[in-house]
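This report refers to the structure that appears directly beneath it.
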Amino acid sequence: VALPDGALVRSARMDDSRLPHEISVAFSDSEWDYRPASVLSRRLPGATRRHAEGETALFVRSAAAQRFADICLQDLWIARETAEAVLRPGLVALEPGDLVLMPAGQGERLVRITRAEGLLERHISCRAVDLSIHDAPVADGVRASVAPPALPGPPRVELLDLAIARSDPPALQYLAAFADPWPGPLALWASSGGGFSFMRLVQRPAMIGETLDSLQPGPVARFDRINSLRVHLRGGALSSVNDADVLAGRNAFAVRGADGAWEILGFARADLVGANTWRLSRLLRGQGGEENLAGRAVPAGAPVVMLDDALVPLGAGALGLTRTYAIGPASRDYADAAYVRVTATPGALALKPYAPVRAKARRDSGGVTITFIRRTRVDGDNWAGVDVPLGESAESYVVDILSGGAVMRTLTCDRPETLYATADETADFGAPQTHLSLRIAQVSAFVGRGFALQADVPIL
């Protein structure tokens, strides 16, 4: 509609300082899994504090949202020109929202009615519009690549046969499980040949990784000040502790060698040297009674598991019983593809008595008296008592007399002392010896011989 000649028109121009130089619009990106996004339209280059924000319920591509933001900013600046007019009664049909051509200087200006009042004298307020700003096409933007949602897959599972007794009765094996992303509790199912039965939930991911360096042989019964080991963990963080805490069992981990045996180590110092990569030093080697494992070399790439409360004890009372375990998200059935299955047979490492120490030989009138000091795998850290607890139902030992690796004679005793009679020594070697090669082990009524001490001792 064109206003007729004679309409009383009064025009004005808004102060530009009240208008924003940039506007941002929030929307939902239909090309990015409908995630929240925003676009920015700027009138002038450079920084500005004259900023406006808006949020819409649009589900569009980012290019369409950018076009919408550009139109909004241009329309705000065009609307700074306003006008008011008084119309004759014959134009009473004009309502807010109508577009009209209003006389402006030597020509006409397209405006939109924003307000209308009165009947005989129609008072209207208008703002300038420019329909050409809507003609800009949607730019062909680069289609966003949507990352696939993180779906739980089969967890990484490690079964550990450890020579430690952390409970009563002691667990024969431990299970460590890790998944990224962690799907919440993992369900552990077990089968001894028939159907699966639910055992328990695994509430926390274990810290599992690999060694980045080869682990060389090291000393036992004291801190290894020479060797250090870089490990890459899939998750979790490590920290340094003092020596007393390491001796009390903190900062313990296990590393599996090429022979399949897990050496238990402690570390006092942990230094972050890369992304999820730690250098462990001041090591305490061969714990848990398996001092012999400290004498082997472990190549790089060996599995590493931190020994903390995330481990799940298995196999108590099931020595030698082969089981198949299914581990996966608790929200799914154990037949789901997100479950992993492992088969294991618990061994007797956790039940074996520790090897005796401090073997000595002394020649007496009746022969050679062999003495040693026993150790215990149960409650052995109590320094207040006269002696450590026995840890077995009865005290029993076997002492092998060796010659070049061959067993010449086996002695038994029920206390850490036995007599190698002179007649036996003469029968075995033909003459008195100046030293003896010994293999001494404590005997368990349940699993037999424990870990053995092998030593060459002089006869004093």
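The values are calculated or read from the model by the stated rules, or taken from the named source; none is laboratory data. All values derive from a computational prediction rather than experimental measurement. No Cβ is skipped: glycine too gets one built from the backbone with ideal geometry, and neighbour counts run over all protein chains shown. For the accessible areas, the whole protein counts, side chains as well, though only heavy atoms, and no ligand, DNA or RNA atoms are used. Shrake-Rupley method; radii C 1.70, N 1.55, O 1.52, S 1.80 Å.
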Against the conditions (1) of a type outside the set (Val, Ile, Thr); (2) more than 21 Å from ARG166 (Cα to Cα); (3) at pLDDT 95 or above, where does ALA275 fall short? Just the number, please.
(3)
Checked SER437, SER396, SER403 against criteria (among the polar types (S, T, N, Q), farther than 17 Å from ALA361 by Cα and either more than 44 Å from the chain's Cα centre (by Cα) or surrounded by 13 or more Cβ atoms within 10 Å (Cβ to Cβ) (or both)); the one match is SER396
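Just give me the residues in the stretch 72-89 being assigned to a helix (DSSP H, G or I) and in contact with a strand residue (DSSP E or B) (Cβ under 9 Å, 6 or more places away or on another chain), in sequence order.
Of everything in the stretch 72-89, those that are assigned to a helix (DSSP H, G or I) and in contact with a strand residue (DSSP E or B) (Cβ under 9 Å, 6 or more places away or on another chain) turn out to be CYS72, LEU73, GLN74, LEU76, ILE78, PRO89.
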Enumerate the pairs (first residue in the stretch 341-365 and crowded, with 16+ Cβ neighbours inside 10 Å; second residue anywhere and among the aromatic types (Phe, Trp, Tyr) and not in a strand (DSSP E or B)) with beta-carbon separation below 7 Å, excluding pairs fewer than 6 apart on the same chain, so at least 6 apart or on different chains.
LEU351/PHE446
Which of (1) crowded, with 16+ Cβ neighbours inside 10 Å; (2) assigned to a strand (DSSP E or B) does GLY289 not meet, given it meets every other one?
(2)
Only one residue in ASP414, ASP456 is closer than 19 Å to GLU291 by Cα and either open to solvent by 40 Å² or more (accessible area, probe 1.4 Å) or of a type in the set (A, V, I, L, M) (or both), so which one is that?
ASP456
Looking at LEU73, LEU131, LEU58 in this structure, which one is closer than 27 Å to LEU40 by Cα, under 56 Å from the mean Cα position of the chain (by Cα) and open to solvent by 40 Å² or more (accessible area, probe 1.4 Å)?
LEU58
Please determine whether any residue of the stretch 139-158 is open to solvent by 20 Å² or more (accessible area, probe 1.4 Å), basic (Lys, Arg), in contact with a Lys or Arg (Cβ under 7 Å, 6 or more places away or on another chain) and over 23 Å from THR324 (Cα atoms).
no
Neighbours by Cβ (under 7 Å, 6+ apart or cross-chain): first from the stretch 152-181, touching a residue at least 24 places away in the same chain (Cβ under 8 Å) and closer than 15 Å to ILE208 by Cα; second of a type in the set (Asp, Glu) and open to solvent by less than 30 Å² (accessible area, probe 1.4 Å):
ALA176/GLU158
